[in-house]
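Below: one structure, written as structure tokens.
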Amino acid sequence: MQNQNRPFYRRPIPLIASILVCLALTIAASILLPAMNRAKETANRAKCSKTLKALAHAVYLYANENHWICPDRIENLMLREDIAPEIFICPSSSDTPATGQTPEQTAAALATPGHCSYIYLANPQTKFDDPNIVLLFEPMKNHGDGFHAVFADLHVEFITGAEAPKIQAELQAHQNPPPSRPKISPPTSHPAKQ
């Protein structure tokens, strides 16, 4: 009975053991965090690729409905094809969806900086029969080591390496198709028209 009246005494955890536990947690975090960041960026790239492909299909549908004339501005695409503002945002960017009380106001906000992660190159003269023509692309800052581009045959590429900054500079200088990108032979018929 005397044991029940005694106060419970707990031995303190030695300082060395505490330091070792903290060190082990720090090492585990330093190994896991970069892997988690890489996995997140991989997922963001996949989502970005799907978003660009959806926008390219919207451009194609717009052109199909308008005698094969592409919209002159991406805002017109938003109005005519009823696209949500979130579609114009790359998940790796810091951009936010455009807002407005009417579709016209939202489309006007899309044209302001910070509300569209993609650069629209298509215009009323764009032809879908050349797979080397870029319809839309994104700045390299979105993913750091490369960028997505969607082409007139509706395929999306992630362009990386030493050629990426050069190709992006050519696109920004309105050289479309970009001269330094290897050329693709046009198919006998457009895949979307089959």
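Read-outs: derived from the displayed coordinates by stated rules, not from any lab. As the structure is a computational prediction, the values presented were derived from the model and not from experiment. Here the Cβ positions follow ideal geometry from the backbone for every residue, glycine too, while neighbour counts run over all protein chains shown.
Between THR99 and LYS50, the contour length at 0.36 nm per residue exceeds the alpha carbon distance by 15.4 nm. In the distance distribution for the chain, Cα-Cα pairs more than 30 Å apart total 37 percent.
Pairs exceeding 18 Å between alpha-carbon atoms, taken from LYS127/LYS183; LYS47/LYS166; LYS141/LYS166: LYS47/LYS166. Note on HIS174 and LEU25: the model spin-label points, each 7 Å out from Cα along the C-beta direction, lie 5.9 nm apart.
In region 92-168, the ratio of gyration radius to Kirkwood radius, Rg to Rh, stands at 1.03 when only Cα atoms are counted. Each part reduced to its alpha carbon centroid, region 56-73 and region 141-185 end up 21 Å apart.
With contributions of -39500 (n - 2.57) from each DSSP H run of at least four residues, the per-residue ellipticity at 222 nm computed over the chain stands at -14000 deg cm²/dmol.
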